[in-house]
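Note sheet for the following structure.
The values are calculated or read from the model by the stated rules, or taken from the named source; none is laboratory data. It should be emphasised that the depicted structure is a prediction, and the values quoted were computed from it without experimental measurement. Don't worry about glycine lacking a Cβ; one is built from the backbone with ideal geometry, like all the others, and counts go over all protein chains shown.
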Amino acid sequence: MFLRYKWETGMLAWAMHRLTGVAVTFYLFLHVYTMTKLHDGEAAYNTAVSAFSQPMWKAAEALLFGAVLYHAVNGVRIVLVDFFGAARQQRRLFWGMMGASAAAFVLGSWLIISHAVH
Amino acid sequence: MAVRATGNAGHWSWYFQRVTGIALVLTLAAHFAVNHFMRPPEAGGADWAGSLYHAAVLRLSNPLYKGFELTFLMLATYHACNGLWAIGRDVVTRPLARTALFMLIVLAGFALAVVGWTAILPIDQDWLARGAAATQ
């Protein structure tokens with residue numbers, strides 16, 4: 001899978017896009033399954049959802065936020081390169097967007113960990 | 001230089017992955033904002049004491065929002081399956097295994113859609129009253 005290849009930003013971005021994509025897909029299945037608990041009554045649903053407010057799940061939520069954020073920002077970058085001819089500025093674009101999303105990750109995961117976001 | 005789709009199946013897979021990707025950035029932002037930062041309109045003021053269950057049911061009993069959530073689910077299911085298959089095409093080389101993996105991904109996608117629709121679709125204005133009656 002990882003061929004002998006000179007690691008450039010595009011290669012790193014590509015590998016991380018696939019990794020985060022698979023991770024978010026796992027979450028999608030878990031999330032949709034959780035919604036079936038709406039059919040088991042109020043207590044069952046609230047118990048199922050409140051499990052996610054335990055510290056371990058809060059950390060997992062922060063990781064999920066990071067994965068979704070990266071996947072979304074890098075996806076927008078791919079569209080800019082593919083459809084809007086941003087290939088010439090691609091390295092600057094990559095580091096600019098990664099810097100902005102790193103800042104958003106720090107802020108967002110702090111909100112999640114501090115329980116400001118449920 | 002911008003790239004264009006040329007018309008074979010692989011190109012449509014590539015093209016729709018970008019179109020649904022952009023749509024998902026927008027719909028996910030809306031989904032996240034509504035579910036985490038907004039009180040359901042029916043819930044009233046800041047002194048509302050409903051549980052997460054009440055909030056979820058109130059939101060989903062709105063046909064417009066339910067339609068939005070189901071659209072979001074369809075977009076996410078397609079995008080996830082198309083993405084998994086893009087990885088599968090690269091990693092799995094034996095023809096039989098490729099076909100089997102493709103069918104597995106399609107099946108998983110259908111299962112996800114069916115579970116999601118059956119979970120959300122029946123929730124309407126009377127859901128809370130029916131739930132309360134059932135537990136008595």
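Name the one entry in B:G50, B:G67 that is within 11 Å of chain A (Cβ to nearest Cβ), of a type outside the set (V, I, T) and without any contact (Cβ under 8 Å) to a residue 60 or more places away in the chain.
Testing whether each residue is within 11 Å of chain A (Cβ to nearest Cβ), of a type outside the set (V, I, T) and without any contact (Cβ under 8 Å) to a residue 60 or more places away in the chain leaves just B:G50.
Quick check on segment B:26-45. Is at least one of its residues within 10 Å of chain A (Cβ to nearest Cβ) and farther than 25 Å from A:S101 by Cβ?
no
Please determine whether any residue of segment B:99-107 is at pLDDT 95 or above and within 30 Å of A:A43 (Cα to Cα).
no
Looking at the structure I just gave you, is B:T93 among the β-branched types (V, I, T) and out of contact with any helix residue (DSSP H, G or I) (no Cβ under 7 Å at 6 or more places or on another chain)?
yes
Considering segment A:43-56 alone, what residues qualify as being more than 19 Å from B:V115 (Cβ to Cβ) and modelled with pLDDT of 90 or more?
Residues satisfying the conditions are A:A43, A:N46, A:T47.
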